[in-house]
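Since the structure comes first, as C-alpha coordinates, the remarks are kept for the end.
The values are calculated or read from the model by the stated rules, or taken from the named source; none is laboratory data. Computed from a predicted structure; not experimentally measured. Backbone-built Cβ (ideal geometry, glycine too); neighbour counts: all protein chains shown. For the accessible areas, the whole protein counts, side chains as well, though only heavy atoms, and no ligand, DNA or RNA atoms are used. Shrake-Rupley method; radii C 1.70, N 1.55, O 1.52, S 1.80 Å.
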Amino acid sequence: MALRHFAPHYSLLRFSHINRVISPKKRFLSVSATMASSARKVLVPIANGSEPMEAVITIDVLRRAGADVTVASVEKQLRVDAGHGVKIVADSLVSDCADGVFDLITLPGGMPGATHLRDCAVLEGLVKKQAADGRLYAAVCASPAVAFGPWGVLKGLKATCYPSFMEQLAPCATAVESRVQVDGRVVTSRGPGTTMEFSVALVEQLYGKEKANEVSGPMVMRSNHGEEYTIRELNPVEWTFDDCPKILVPIANGTEEMEAVMIIDILRRAKANVVVASVEDKLEILASRQVKLVADVLLDEATNLLFDLIVLPGGLGGAQAFTNSEKLVNLLKKQKESNRPYGAICASPALVLEPHGLLKGKKATAFPALCNKLSDPSEVENRVVVDGNLITSRGPGTSIEFALAIVEKLFGRKQALELAKTMLFVYP
(Lines give C-alpha, C1' and ligand atoms only; values in the text may rest on other atoms or scores of the structure.)
Protein backbone atom coordinates (compact mmCIF):
# COMPACT_ATOMS: atom_id res chain seq x y z
CA MET A 1 0.00 0.00 0.00
CA ALA A 2 1.59 3.28 -1.13
CA LEU A 3 0.83 6.74 0.14
CA ARG A 4 1.87 9.60 -2.12
CA HIS A 5 1.41 13.31 -1.56
CA PHE A 6 -1.34 12.75 0.97
CA ALA A 7 -3.22 15.84 2.11
CA PRO A 8 -6.34 16.25 4.24
CA HIS A 9 -9.72 16.98 2.67
CA TYR A 10 -10.59 20.62 2.31
CA SER A 11 -14.08 21.72 1.35
CA LEU A 12 -14.32 25.46 1.90
CA LEU A 13 -12.69 28.20 -0.12
CA ARG A 14 -10.19 30.43 1.61
CA PHE A 15 -10.54 33.98 0.29
CA SER A 16 -7.12 35.37 1.27
CA HIS A 17 -5.77 34.72 -2.26
CA ILE A 18 -8.07 37.39 -3.72
CA ASN A 19 -6.50 40.84 -3.88
CA ARG A 20 -8.85 43.81 -3.62
CA VAL A 21 -8.48 47.52 -4.25
CA ILE A 22 -11.65 49.43 -3.32
CA SER A 23 -12.06 53.21 -3.21
CA PRO A 24 -14.78 54.68 -0.95
CA LYS A 25 -17.06 55.31 -3.95
CA LYS A 26 -16.46 51.87 -5.40
CA ARG A 27 -16.95 50.27 -2.00
CA PHE A 28 -20.48 51.71 -1.88
CA LEU A 29 -21.24 50.30 -5.34
CA SER A 30 -19.88 46.87 -4.41
CA VAL A 31 -21.89 46.63 -1.20
CA SER A 32 -25.10 47.84 -2.84
CA ALA A 33 -24.68 45.17 -5.50
CA THR A 34 -24.81 42.45 -2.84
CA MET A 35 -27.75 43.68 -0.78
CA ALA A 36 -30.50 41.76 -2.54
CA SER A 37 -30.46 38.04 -3.29
CA SER A 38 -32.51 38.22 -6.50
CA ALA A 39 -31.13 36.67 -9.66
CA ARG A 40 -28.39 38.74 -11.25
CA LYS A 41 -28.22 38.98 -15.02
CA VAL A 42 -24.87 37.85 -16.39
CA LEU A 43 -23.49 37.78 -19.94
CA VAL A 44 -20.76 35.26 -20.80
CA PRO A 45 -19.63 35.73 -24.42
CA ILE A 46 -17.87 32.83 -26.13
CA ALA A 47 -16.07 32.44 -29.45
CA ASN A 48 -14.26 29.91 -31.58
CA GLY A 49 -11.04 29.27 -29.68
CA SER A 50 -12.35 30.29 -26.25
CA GLU A 51 -10.80 28.33 -23.38
CA PRO A 52 -13.59 25.85 -22.54
CA MET A 53 -12.63 25.37 -18.90
CA GLU A 54 -12.70 29.11 -18.28
CA ALA A 55 -16.05 29.54 -20.02
CA VAL A 56 -17.84 26.54 -18.52
CA ILE A 57 -16.52 26.87 -14.95
CA THR A 58 -17.65 30.50 -14.87
CA ILE A 59 -21.11 29.70 -16.26
CA ASP A 60 -21.58 26.71 -13.96
CA VAL A 61 -20.50 28.46 -10.75
CA LEU A 62 -22.58 31.58 -11.43
CA ARG A 63 -25.67 29.47 -12.17
CA ARG A 64 -25.10 27.56 -8.92
CA ALA A 65 -25.37 30.93 -7.19
CA GLY A 66 -28.71 31.58 -8.87
CA ALA A 67 -27.51 34.03 -11.52
CA ASP A 68 -29.43 34.32 -14.79
CA VAL A 69 -26.54 33.60 -17.16
CA THR A 70 -26.79 34.16 -20.91
CA VAL A 71 -24.10 32.37 -22.92
CA ALA A 72 -23.71 34.40 -26.10
CA SER A 73 -21.76 33.54 -29.24
CA VAL A 74 -19.82 36.29 -31.01
CA GLU A 75 -19.75 34.08 -34.11
CA LYS A 76 -22.47 33.98 -36.79
CA GLN A 77 -23.87 30.78 -35.32
CA LEU A 78 -24.72 29.52 -31.84
CA ARG A 79 -22.25 26.65 -31.83
CA VAL A 80 -18.65 27.53 -31.13
CA ASP A 81 -15.60 25.32 -31.49
CA ALA A 82 -13.80 26.17 -28.27
CA GLY A 83 -10.24 25.17 -27.50
CA HIS A 84 -9.12 21.54 -27.32
CA GLY A 85 -11.96 20.34 -29.52
CA VAL A 86 -14.72 21.15 -27.03
CA LYS A 87 -17.96 22.14 -28.77
CA ILE A 88 -20.38 24.44 -26.92
CA VAL A 89 -23.80 25.67 -28.09
CA ALA A 90 -24.60 29.21 -26.89
CA ASP A 91 -28.01 30.39 -25.69
CA SER A 92 -28.04 33.36 -28.08
CA LEU A 93 -25.92 35.52 -30.36
CA VAL A 94 -24.17 38.54 -28.85
CA SER A 95 -25.89 40.66 -31.51
CA ASP A 96 -29.22 39.75 -29.89
CA CYS A 97 -27.95 41.04 -26.52
CA ALA A 98 -26.91 44.51 -27.73
CA ASP A 99 -29.70 46.29 -25.85
CA GLY A 100 -29.44 44.16 -22.72
CA VAL A 101 -28.52 45.44 -19.26
CA PHE A 102 -26.37 43.08 -17.21
CA ASP A 103 -25.16 43.05 -13.62
CA LEU A 104 -21.96 41.37 -14.85
CA ILE A 105 -20.24 40.76 -18.17
CA THR A 106 -17.40 38.25 -17.88
CA LEU A 107 -15.04 37.08 -20.62
CA PRO A 108 -13.23 33.73 -20.79
CA GLY A 109 -9.75 33.64 -22.27
CA GLY A 110 -8.10 31.30 -24.72
CA MET A 111 -6.50 32.12 -28.04
CA PRO A 112 -7.70 32.95 -30.62
CA GLY A 113 -10.94 33.23 -28.64
CA ALA A 114 -9.86 36.41 -26.83
CA THR A 115 -9.04 38.02 -30.20
CA HIS A 116 -12.48 37.14 -31.56
CA LEU A 117 -14.07 38.68 -28.46
CA ARG A 118 -11.95 41.83 -28.87
CA ASP A 119 -12.99 42.19 -32.51
CA CYS A 120 -16.72 42.00 -31.75
CA ALA A 121 -17.99 45.58 -31.91
CA VAL A 122 -21.25 44.76 -30.12
CA LEU A 123 -19.39 43.21 -27.21
CA GLU A 124 -16.95 46.12 -27.05
CA GLY A 125 -19.90 48.52 -26.81
CA LEU A 126 -21.55 46.48 -24.09
CA VAL A 127 -18.40 46.31 -21.96
CA LYS A 128 -17.60 50.01 -22.38
CA LYS A 129 -21.15 50.90 -21.30
CA GLN A 130 -20.85 48.44 -18.40
CA ALA A 131 -17.71 50.25 -17.21
CA ALA A 132 -19.21 53.71 -17.73
CA ASP A 133 -22.34 52.78 -15.77
CA GLY A 134 -20.32 51.42 -12.83
CA ARG A 135 -21.48 47.85 -13.25
CA LEU A 136 -19.34 44.76 -12.78
CA TYR A 137 -17.15 43.41 -15.59
CA ALA A 138 -14.51 40.69 -15.55
CA ALA A 139 -12.06 38.69 -17.64
CA VAL A 140 -9.62 35.84 -17.25
CA CYS A 141 -6.43 34.58 -18.92
CA ALA A 142 -5.64 36.38 -22.21
CA SER A 143 -8.79 38.53 -22.27
CA PRO A 144 -7.78 41.25 -19.77
CA ALA A 145 -4.80 42.11 -22.00
CA VAL A 146 -6.19 41.22 -25.42
CA ALA A 147 -9.74 42.63 -25.07
CA PHE A 148 -10.07 44.89 -22.01
CA GLY A 149 -6.71 46.57 -22.60
CA PRO A 150 -7.41 47.87 -26.12
CA TRP A 151 -10.96 48.84 -25.10
CA GLY A 152 -9.51 51.16 -22.44
CA VAL A 153 -11.58 49.80 -19.55
CA LEU A 154 -8.62 49.08 -17.26
CA LYS A 155 -7.09 52.57 -17.10
CA GLY A 156 -5.89 53.38 -13.59
CA LEU A 157 -6.92 49.94 -12.29
CA LYS A 158 -4.98 46.95 -11.00
CA ALA A 159 -5.45 43.87 -13.16
CA THR A 160 -3.88 40.51 -13.88
CA CYS A 161 -3.85 38.06 -16.80
CA TYR A 162 -2.07 34.99 -18.18
CA PRO A 163 1.69 35.39 -17.58
CA SER A 164 2.70 35.53 -21.25
CA PHE A 165 0.31 38.49 -21.78
CA MET A 166 1.52 40.57 -18.81
CA GLU A 167 3.77 42.72 -21.00
CA GLN A 168 0.80 43.48 -23.26
CA LEU A 169 -1.32 44.35 -20.21
CA ALA A 170 1.24 46.69 -18.62
CA PRO A 171 0.53 49.82 -20.74
CA CYS A 172 -3.25 49.45 -20.17
CA ALA A 173 -3.42 48.82 -16.41
CA THR A 174 -1.35 48.41 -13.27
CA ALA A 175 -0.33 44.81 -13.93
CA VAL A 176 -0.15 42.56 -10.86
CA GLU A 177 0.47 38.84 -10.43
CA SER A 178 -2.52 38.00 -8.21
CA ARG A 179 -4.43 34.78 -8.87
CA VAL A 180 -7.60 36.90 -8.66
CA GLN A 181 -7.54 40.71 -8.64
CA VAL A 182 -10.53 42.84 -7.65
CA ASP A 183 -10.26 46.60 -8.21
CA GLY A 184 -13.55 48.39 -7.75
CA ARG A 185 -15.95 46.98 -10.34
CA VAL A 186 -13.47 44.98 -12.40
CA VAL A 187 -12.29 41.44 -11.59
CA THR A 188 -9.46 39.74 -13.47
CA SER A 189 -7.67 36.42 -13.16
CA ARG A 190 -4.82 34.42 -14.66
CA GLY A 191 -5.83 31.16 -16.36
CA PRO A 192 -7.71 27.85 -16.32
CA GLY A 193 -6.26 26.85 -12.96
CA THR A 194 -7.47 30.05 -11.27
CA THR A 195 -10.92 30.17 -12.86
CA MET A 196 -12.81 28.48 -10.06
CA GLU A 197 -11.41 30.99 -7.55
CA PHE A 198 -12.24 33.77 -10.04
CA SER A 199 -15.82 32.51 -10.43
CA VAL A 200 -16.39 32.34 -6.68
CA ALA A 201 -15.01 35.89 -6.41
CA LEU A 202 -17.64 36.94 -8.97
CA VAL A 203 -20.34 35.32 -6.83
CA GLU A 204 -19.04 37.29 -3.85
CA GLN A 205 -19.17 40.54 -5.84
CA LEU A 206 -22.73 39.84 -7.00
CA TYR A 207 -24.25 38.30 -3.86
CA GLY A 208 -21.82 38.67 -0.95
CA LYS A 209 -19.37 36.44 0.88
CA GLU A 210 -21.99 34.27 2.58
CA LYS A 211 -23.37 33.18 -0.79
CA ALA A 212 -19.83 32.64 -2.10
CA ASN A 213 -19.11 30.28 0.80
CA GLU A 214 -22.44 28.54 0.27
CA VAL A 215 -21.57 27.90 -3.39
CA SER A 216 -17.92 26.96 -2.90
CA GLY A 217 -18.39 24.44 -0.07
CA PRO A 218 -20.27 21.71 -2.00
CA MET A 219 -17.82 22.01 -4.90
CA VAL A 220 -15.06 20.53 -2.68
CA MET A 221 -12.59 23.28 -3.57
CA ARG A 222 -9.00 23.36 -2.39
CA SER A 223 -7.94 25.82 0.29
CA ASN A 224 -4.27 25.56 -0.67
CA HIS A 225 -4.53 27.18 -4.11
CA GLY A 226 -1.32 27.07 -6.12
CA GLU A 227 0.32 24.27 -4.16
CA GLU A 228 1.12 20.88 -5.70
CA TYR A 229 -1.83 18.56 -6.05
CA THR A 230 -2.00 15.37 -3.98
CA ILE A 231 -3.23 11.85 -4.64
CA ARG A 232 -3.71 8.73 -2.56
CA GLU A 233 -2.44 5.63 -4.36
CA LEU A 234 -2.84 2.04 -3.24
CA ASN A 235 -1.72 -1.16 -4.99
CA PRO A 236 0.18 0.79 -7.66
CA VAL A 237 0.34 -0.68 -11.15
CA GLU A 238 1.66 0.80 -14.38
CA TRP A 239 -0.97 2.09 -16.79
CA THR A 240 0.20 1.09 -20.26
CA PHE A 241 -0.75 2.04 -23.82
CA ASP A 242 0.76 1.70 -27.28
CA ASP A 243 1.43 4.96 -29.11
CA CYS A 244 -1.15 7.37 -27.72
CA PRO A 245 -3.63 6.63 -24.93
CA LYS A 246 -7.19 6.35 -26.23
CA ILE A 247 -9.66 7.59 -23.64
CA LEU A 248 -13.48 7.42 -23.62
CA VAL A 249 -15.38 10.18 -21.82
CA PRO A 250 -19.15 9.54 -21.90
CA ILE A 251 -21.54 12.46 -21.41
CA ALA A 252 -25.31 12.59 -20.94
CA ASN A 253 -28.14 14.96 -20.14
CA GLY A 254 -27.46 16.04 -16.56
CA THR A 255 -23.70 15.48 -16.69
CA GLU A 256 -21.75 17.94 -14.54
CA GLU A 257 -20.34 20.20 -17.27
CA MET A 258 -17.41 21.54 -15.26
CA GLU A 259 -16.17 18.04 -14.54
CA ALA A 260 -16.61 16.82 -18.12
CA VAL A 261 -14.91 19.83 -19.69
CA MET A 262 -11.97 19.89 -17.25
CA ILE A 263 -11.31 16.18 -17.86
CA ILE A 264 -11.57 16.48 -21.66
CA ASP A 265 -9.55 19.71 -21.85
CA ILE A 266 -6.68 18.58 -19.63
CA LEU A 267 -6.34 15.12 -21.18
CA ARG A 268 -6.26 16.66 -24.66
CA ARG A 269 -3.65 19.16 -23.48
CA ALA A 270 -1.59 16.09 -22.55
CA LYS A 271 -2.01 14.87 -26.16
CA ALA A 272 -4.25 11.92 -25.30
CA ASN A 273 -6.80 10.80 -27.90
CA VAL A 274 -10.05 11.65 -26.10
CA VAL A 275 -13.35 10.43 -27.56
CA VAL A 276 -16.40 12.21 -26.13
CA ALA A 277 -19.45 9.95 -26.53
CA SER A 278 -23.08 10.83 -25.90
CA VAL A 279 -25.18 8.14 -24.22
CA GLU A 280 -28.27 9.97 -25.49
CA ASP A 281 -29.82 9.51 -28.95
CA LYS A 282 -28.19 12.69 -30.26
CA LEU A 283 -24.78 14.33 -30.02
CA GLU A 284 -25.91 17.47 -28.17
CA ILE A 285 -26.55 17.09 -24.45
CA LEU A 286 -27.96 19.50 -21.87
CA ALA A 287 -25.67 19.35 -18.87
CA SER A 288 -26.66 19.84 -15.23
CA ARG A 289 -26.27 23.65 -15.21
CA GLN A 290 -27.90 23.98 -18.64
CA VAL A 291 -24.66 24.23 -20.66
CA LYS A 292 -25.15 22.62 -24.07
CA LEU A 293 -22.21 20.41 -25.09
CA VAL A 294 -21.76 18.48 -28.33
CA ALA A 295 -20.15 15.01 -28.26
CA ASP A 296 -17.84 13.63 -30.93
CA VAL A 297 -19.81 10.41 -31.41
CA LEU A 298 -22.79 8.48 -30.10
CA LEU A 299 -21.92 5.75 -27.62
CA ASP A 300 -23.02 3.12 -30.17
CA GLU A 301 -20.05 4.09 -32.34
CA ALA A 302 -17.64 3.47 -29.46
CA THR A 303 -18.94 0.12 -28.18
CA ASN A 304 -16.72 -2.02 -30.41
CA LEU A 305 -13.54 -0.04 -29.77
CA LEU A 306 -10.85 -0.69 -27.20
CA PHE A 307 -9.93 2.13 -24.84
CA ASP A 308 -6.90 2.51 -22.60
CA LEU A 309 -9.10 4.34 -20.10
CA ILE A 310 -12.81 5.01 -19.60
CA VAL A 311 -13.56 7.94 -17.30
CA LEU A 312 -16.99 9.12 -16.13
CA PRO A 313 -17.79 12.70 -15.12
CA GLY A 314 -20.43 13.17 -12.42
CA GLY A 315 -23.68 15.07 -12.07
CA LEU A 316 -26.75 13.31 -10.63
CA GLY A 317 -28.73 13.20 -13.87
CA GLY A 318 -25.71 12.16 -15.89
CA ALA A 319 -24.73 9.42 -13.45
CA GLN A 320 -28.29 8.07 -13.56
CA ALA A 321 -28.16 8.00 -17.37
CA PHE A 322 -24.82 6.16 -17.21
CA THR A 323 -26.04 3.52 -14.76
CA ASN A 324 -29.12 2.92 -16.93
CA SER A 325 -27.05 2.51 -20.10
CA GLU A 326 -26.52 -1.22 -20.59
CA LYS A 327 -23.99 -0.55 -23.34
CA LEU A 328 -21.87 1.71 -21.15
CA VAL A 329 -22.04 -0.61 -18.15
CA ASN A 330 -20.95 -3.52 -20.36
CA LEU A 331 -18.03 -1.45 -21.66
CA LEU A 332 -16.99 -0.70 -18.09
CA LYS A 333 -17.26 -4.36 -17.05
CA LYS A 334 -15.13 -5.44 -20.01
CA GLN A 335 -12.61 -2.74 -19.11
CA LYS A 336 -12.33 -4.07 -15.55
CA GLU A 337 -12.17 -7.70 -16.65
CA SER A 338 -9.34 -6.85 -19.07
CA ASN A 339 -7.40 -5.06 -16.31
CA ARG A 340 -7.55 -1.78 -18.21
CA PRO A 341 -7.93 1.49 -16.28
CA TYR A 342 -11.30 3.08 -15.59
CA GLY A 343 -12.47 5.86 -13.32
CA ALA A 344 -15.21 8.18 -12.17
CA ILE A 345 -15.75 11.38 -10.23
CA CYS A 346 -18.44 12.97 -8.04
CA ALA A 347 -21.75 11.06 -8.20
CA SER A 348 -20.55 8.41 -10.65
CA PRO A 349 -18.43 6.22 -8.31
CA ALA A 350 -21.45 5.83 -5.98
CA LEU A 351 -24.27 5.71 -8.54
CA VAL A 352 -22.59 3.88 -11.43
CA LEU A 353 -19.52 1.92 -10.36
CA GLU A 354 -20.76 0.71 -6.94
CA PRO A 355 -24.17 -0.74 -7.95
CA HIS A 356 -22.64 -2.60 -10.91
CA GLY A 357 -19.91 -4.27 -8.84
CA LEU A 358 -17.14 -2.16 -10.37
CA LEU A 359 -15.76 -1.14 -6.96
CA LYS A 360 -15.61 -4.68 -5.54
CA GLY A 361 -12.36 -5.12 -3.63
CA LYS A 362 -11.34 -1.53 -4.38
CA LYS A 363 -10.84 1.64 -2.37
CA ALA A 364 -12.62 4.69 -3.74
CA THR A 365 -14.00 8.14 -3.02
CA ALA A 366 -17.02 10.06 -4.30
CA PHE A 367 -19.07 13.22 -3.79
CA PRO A 368 -19.23 13.71 0.01
CA ALA A 369 -23.04 13.43 0.26
CA LEU A 370 -22.98 10.09 -1.62
CA CYS A 371 -20.06 8.41 0.15
CA ASN A 372 -22.50 6.48 2.37
CA LYS A 373 -23.42 4.48 -0.74
CA LEU A 374 -19.86 3.09 -1.06
CA SER A 375 -19.42 -0.36 0.46
CA ASP A 376 -15.88 0.56 1.57
CA PRO A 377 -15.73 4.18 2.79
CA SER A 378 -12.26 3.91 4.36
CA GLU A 379 -10.54 6.26 1.87
CA VAL A 380 -13.38 8.67 1.04
CA GLU A 381 -11.76 11.73 2.64
CA ASN A 382 -9.02 11.74 0.02
CA ARG A 383 -9.47 14.09 -2.94
CA VAL A 384 -8.19 11.59 -5.52
CA VAL A 385 -7.84 7.84 -4.91
CA VAL A 386 -5.97 5.50 -7.25
CA ASP A 387 -6.30 1.78 -6.49
CA GLY A 388 -4.57 -0.27 -9.16
CA ASN A 389 -6.42 0.40 -12.42
CA LEU A 390 -9.20 2.39 -10.73
CA ILE A 391 -9.21 6.15 -10.15
CA THR A 392 -11.97 8.08 -8.34
CA SER A 393 -12.44 11.62 -7.08
CA ARG A 394 -14.89 13.86 -5.20
CA GLY A 395 -16.42 16.69 -7.21
CA PRO A 396 -16.04 19.80 -9.38
CA GLY A 397 -13.35 21.29 -7.12
CA THR A 398 -11.21 18.14 -7.42
CA SER A 399 -11.62 17.71 -11.19
CA ILE A 400 -8.33 19.31 -12.18
CA GLU A 401 -6.45 17.17 -9.65
CA PHE A 402 -8.34 14.11 -10.92
CA ALA A 403 -7.37 14.83 -14.55
CA LEU A 404 -3.78 15.61 -13.58
CA ALA A 405 -3.57 12.34 -11.65
CA ILE A 406 -4.63 10.54 -14.85
CA VAL A 407 -1.92 12.42 -16.77
CA GLU A 408 0.56 11.38 -14.08
CA LYS A 409 -0.41 7.71 -14.34
CA LEU A 410 -0.11 7.79 -18.14
CA PHE A 411 2.85 10.10 -18.69
CA GLY A 412 4.56 10.63 -15.32
CA ARG A 413 4.44 13.24 -12.57
CA LYS A 414 6.90 15.58 -14.29
CA GLN A 415 4.61 16.08 -17.29
CA ALA A 416 1.56 16.41 -15.03
CA LEU A 417 3.22 19.15 -12.96
CA GLU A 418 4.38 20.99 -16.09
CA LEU A 419 0.79 20.96 -17.30
CA ALA A 420 -0.46 22.12 -13.89
CA LYS A 421 1.96 25.04 -13.99
CA THR A 422 0.98 25.97 -17.56
CA MET A 423 -2.65 26.16 -16.44
CA LEU A 424 -1.66 28.21 -13.34
CA PHE A 425 -3.20 25.50 -11.14
CA VAL A 426 0.20 25.11 -9.48
CA TYR A 427 2.52 28.07 -9.00
CA PRO A 428 5.00 28.28 -11.93
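Measure off 7 Å from each Cα along the Cα-to-Cβ vector at residue 381 and residue 92, then give the distance between these two points in nanometres to one decimal.
4.8 nm
When the chain is fully extended, how far beyond the present Cα-Cα distance does residue 414 get from residue 324, taking 0.36 nm per residue of separation?
Between residue 414 and residue 324, full extension yields an extra 28.6 nm.
Tell me the angle of helix 52-64 to the major Cα principal axis of the chain, expressed in degrees between 0 and 90 and rounded to the nearest ten.
80 degrees
Return the Rg/Rh ratio of region 180-294 with Cα-based radii and a Kirkwood Rh.
My calculation of the ratio gives 1.03.
Can you tell me the dipole magnitude for the chain around its Cα centre, using point charges on the Cβ only (Lys, Arg +1; Asp, Glu -1), in Debye to the nearest 20?
1000 debye
At 10 °C and 1.306 mPa s, grab the translational diffusion coefficient of region 229-302 from Stokes-Einstein with a Kirkwood Rh over Cα pairs, rounded to a whole number in µm² per second.
My calculation gives 116 µm²/s for D.
Mind checking which aspartates and glutamates have their Cα closer than 17 Å to the Cα of residue 87? Skip sequence neighbours fewer than 8 apart in that chain.
By straight Cα distance, residue 87 reaches 51, 54, 60, 75, 256, 257, 259, 265, 280, 284, 296.
Please report the antiparallel percentage of the DSSP beta bridges confined to the chain, to the nearest 5.
In the chain, approximately 25 percent of DSSP beta bridges are antiparallel ones.
On a 29 Å Cα-Cα criterion, which of the cross-link pairs 246/414; 211/409; 155/271; 271/327; 360/421 come out too long?
Over 29 Å apart, Cα to Cα: 211/409; 155/271; 360/421.
Please give me, ordered by residue number, the GluC sites (Glu not before Pro) of region 80-182 that lie in loop per DSSP and have at most 16 other Cβ atoms within 10 Å.
Passing both the DSSP loop test and the Cβ count: 177.
Any idea what the relative contact order of region 257-403 is, in percent, if you count C-alpha pairs under 8 Å spaced at least 6 apart?
21 percent
When we measure straight from the Cα of residue 362, which aspartates and glutamates land under 17 angstrom away, once same-chain ones fewer than 8 places off are left out?
233, 238, 337, 354, 376, 379, 381, 387
Kirkwood Rh over alpha-carbon pairs of region 331-402, then Stokes-Einstein at 10 °C and 1.306 mPa s: what D in µm² s⁻¹, rounded to an integer?
135 µm²/s
Could you sort 271, 421 by their accessible area in this structure, using a 1.4 Å probe and putting the largest first?
The ordering from most to least exposed comes out as 271, 421.
Using Cα atoms only, what is the angle between the long axis of helix 195-207 and the major principal axis of the chain, expressed in degrees (0 to 90) to the nearest 10?
Taking Cα atoms only, the helix is inclined about 50 degrees.
Take the Cα atoms of the chain, find their three principal axes, and give me the spread along each one in whole Å, biggest first.
On the principal axes, the chain reaches 62, 42, 40 Å in Cα extent.
Return the calculated 222 nm mean residue ellipticity for the chain, to the nearest 500 deg cm²/dmol, obtained by summing -39500 (n - 2.57) across DSSP H runs with n ≥ 4 and dividing by the residue count.
That calculation yields -8500 deg cm²/dmol at 222 nm.
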